[in-house]
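Notes follow the structure.
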C-alpha cells in the first residue's frame, strides 16, 4: 500500500476532494469511468460535467446557497474558480457555460503533478483499500451497477437506496400556528406532528388543484414503477377523489384543539432535524414542478406562507443511509479508511456535492499529515449539511440541499432580529468561523437591497 488516496468519481465532489488533497501534498488516483463507460445523463468524459441546470443558484450571501459558496470560496474551491472564469449572465445567480467549465476543471486536474486521472471503471473496493492509504467513493446518484452491487454487499442492501422519493420540506418558522396544531393520533405519546386541517370544501379544492397541476416528466432512465408506499400524490388522486383522505391525509384520531372537532382531512408535518427548524410533509412525494408545488401546497391551511427548504421529487438516485453508516468525517463506520462524498452521501445539488468533497479532502489531508483541524460547526452551511447527514433519524433520511434551517439558531438576542437581519447574522457568523479555520480574510457581506 502506498500513501496515495484513491477517489472513485470525477464529478463535483471527486474533483474538489482531489484538488484539496493534492494541494496539501498528497498524491491522488482519480478514477472516472467516462468516456469509456457513460451514464444515462452524461454526454462527455469531462470531470464536473453539469447534467441538469447550468445554475449554481444565488450568489447573495444572505441566501443559503450563496452562503455555502462564500464558505467554499474562502477554502479555495476549484469549482468556484472555474465558475468565475466561465460565468454567464444570470442576475444574482451564478450560472456557467457548461462545456468550457467542465473542460477547464478537467484540464486543472490533469495538469496537477500529484493527480493521476485514471479513465477506467473501478468497482473493486477491497483492491483499492489494499493499494491506497484512503479511498473516497464519490460516484454520484448514477453510480454504476457494478459499484452499486459491491456497495450493497458491503453496507447492507437496506442502507443503499436506488430510487429517490422525496416529500417537500418547509421551514418551521413559516408555519401558520394559528391554524396548524401539534398532535399525535389519539393523543398517544408525544405530540410530535404538526397538523394542518382541511374541511371538505378545502380538501376537494386541493385535490382538484393537484389533479390539474403541471408535473415533471420522467426521463427514460427514471421510468421505474414507484413503490406503492411512496406514490406521488398526483398518482393517488388519479385513483379516486378520496384516496388521499384515506391515505396520507387521513384525519382519524387528530382532533383539532381550535375547534374541538376532527377535520375532514389533515396534512401532517414531521420534524426533519434535531433543532426542529425543518418539517417534512408526510406522504407527500410529488412530481409537480416547483412553481406548481409552491402554488398548490400553499392552498393547505397553515401553509399559506410556506417557505420550502426542499421541494418534492421522484427520480433515480443512489444514496446511502449516512446517519447509520458514516462518522462526522464522512468515513464508513465499518472501515475508517473508506470515505464517501457528494450526492451518494445524501446531499442534493452541485455545490452541496462539491462542498462535501472539499470537506472530505481536507479531513483526510489533516489526518494523513497529522495536522489537527477543527471541523466547521453547524453555525456554518457546510457544518449544517454535515450535521444533517449525521443526526437525521435514519428511518426517515432523505437527501437535502443547503437551507437556513440546517444552521444553529441565533442566540436569544439575535433571535429577535427581523428575517433579513437574521440572514445577515447567519452569514456574518458563518464566514467569520470559516475564516478563522482557514486563516483567510472574511469577505465584506453583500447585503440584499
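Residues in segment 149-166 that are modelled with pLDDT under 85 and in contact with a strand residue (DSSP E or B) (Cβ under 8 Å, 6 or more places away or on another chain): 159, 160, 161, 162, 163, 164, 165, 166.
Select, from 364, 344, the only residue that is modelled with pLDDT under 95 and assigned to a helix (DSSP H, G or I). Walk me through it before giving the result.
Working: 364 fails: modelled with pLDDT under 95.
Exactly one residue qualifies, and that residue is 344.
Quick grid of which residues meet (1) in contact with a strand residue (DSSP E or B) (Cβ under 6 Å, 6 or more places away or on another chain); (2) surrounded by 16 or more Cβ atoms within 10 Å (Cβ to Cβ); (3) touching a residue at least 40 places away in the same chain (Cβ under 8 Å); (4) not assigned by TED's automatic domain parsing to the domain that holds residue 55:
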| residue | (1), (2), (3), (4) |
| --- | --- |
| 331 | yes, yes, no, no |
| 342 | no, yes, yes, no |
| 358 | no, yes, yes, no |
| 371 | no, no, no, no |
| 375 | no, yes, yes, no |
| 379 | no, yes, yes, no |
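I'd like to know if segment 181-189 contains one or more residues that are under 13 Å from residue 297 (Cα atoms) and outside any helix (DSSP H, G or I). Among the residues of segment 181-189, not one is under 13 Å from residue 297 (Cα atoms) and outside any helix (DSSP H, G or I), which makes the answer no. Within segment 318-327, the set of residues being in contact with a strand residue (DSSP E or B) (Cβ under 8 Å, 6 or more places away or on another chain) and either surrounded by fewer than 20 Cβ atoms within 10 Å (Cβ to Cβ) or modelled with pLDDT of 90 or more (or both) comprises 320, 321, 322, 325, 326, 327.
Checking each residue in segment 59-73 for being surrounded by 21 or more Cβ atoms within 10 Å (Cβ to Cβ) and not in a loop (DSSP other than H, G, I, E, B) picks out 64, 65, 66, 67, 68, 69, 70, 71, 72.
Please give the number of the condition residue 407 fails out of (1) surrounded by 22 or more Cβ atoms within 10 Å (Cβ to Cβ); (2) more than 19 Å from residue 74 (Cα to Cα). Of everything listed in (1) surrounded by 22 or more Cβ atoms within 10 Å (Cβ to Cβ); (2) more than 19 Å from residue 74 (Cα to Cα), residue 407 misses just condition (2).
When the criteria are applied in full, residue 355 meets the requirement of being part of a helix (DSSP H, G or I) and at pLDDT 95 or above. Number of residues in segment 105-145 that are under 26 Å from the mean Cα position of the chain (by Cα) and within 18 Å of residue 30 (Cβ to Cβ) equals 17. When residue 276 is tested against (1) closer than 17 Å to residue 397 by Cβ; (2) in the same structural domain as residue 194 (by TED's automatic domain parsing); (3) in contact with a strand residue (DSSP E or B) (Cβ under 9 Å, 6 or more places away or on another chain), just one condition goes unmet, and that condition is (3).
The values are calculated or read from the model by the stated rules, or taken from the named source; none is laboratory data. These numbers come from a predicted model, not from an experiment. Quick reminder, even Gly has a Cβ in these numbers, built from the backbone with ideal geometry, and neighbours come from all protein chains shown.
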